[in-house]
Amino acid sequence: MRGFSVLCGVSIVGLSATGFGMNLSSHSLNIMIKCAWLMTFGGVHVLSEFRTFAVSQRILGENAPFLFGYPGRGLFSLFLGSSCLADPALVDVTVSTVVGLTMVLNAICLLYTSPSPRDS
């Protein structure tokens, strides 16, 4: 599941970067801001999946420690996936919908498998 999650994060970054580049000439500021926002959060999502590396721990440990646990990553995946569903700011609506649905399914899996406080 982690491989699909990383692939989705990289896809979000790639689609957003392409959408940002395509809208540079048209000066669509709202679309460019949304693409930059999705690039940032897609990168953070990829970092959260590689949370055992020192770079991820340094960046996320100070700014977003909730991404080290299952519930935090699940809710972040749900947030990011729902942002991608049929988004015209991204280059291809079909691909963004598939990526969004995969992220939502990833969120459900992460939230379902997260340990409950009563399990300990």
Of all accessible heavy-atom area on region 52-111, the percent that carbon and sulfur account for (1.4 Å):
72 percent
Show me, for region 73-80, the HN-Hα J-couplings you get by feeding each phi into the Karplus relation (A = 6.51, B = -1.76, C = 1.60, θ = phi - 60°), rounded to Hz, glycine and proline as x.
5, x, 5, 5, 5, 5, 4, 5
The chain accessible area per residue, 1.4 Å probe, protein heavy atoms, integer Å², reads 56 Å²
MRE, 222 nm, helices only [DSSP H, n ≥ 4, -39500 (n - 2.57), over the chain, to nearest 500]
-24500 deg cm²/dmol
Once R0 is set to 35 Å, what does the formula 1/(1 + (r/R0)^6) return for the Cβ-Cβ distance between L111 and M22, expressed as a FRET efficiency to the nearest 0.05?
0.50
Over all directions, how big on average is the projection of the convex hull of the alpha-carbon atoms in the chain, in square nanometres?
7.7 nm²
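The values are calculated or read from the model by the stated rules, or taken from the named source; none is laboratory data. Quantities reported herein were computed from a predicted structural model and do not represent experimental measurements. Backbone-built Cβ (ideal geometry, glycine too); neighbour counts: all protein chains shown. Keep in mind that these areas ignore ligands, DNA and RNA; they rest on the heavy atoms of the full protein, side chains included. Shrake-Rupley method; radii C 1.70, N 1.55, O 1.52, S 1.80 Å.
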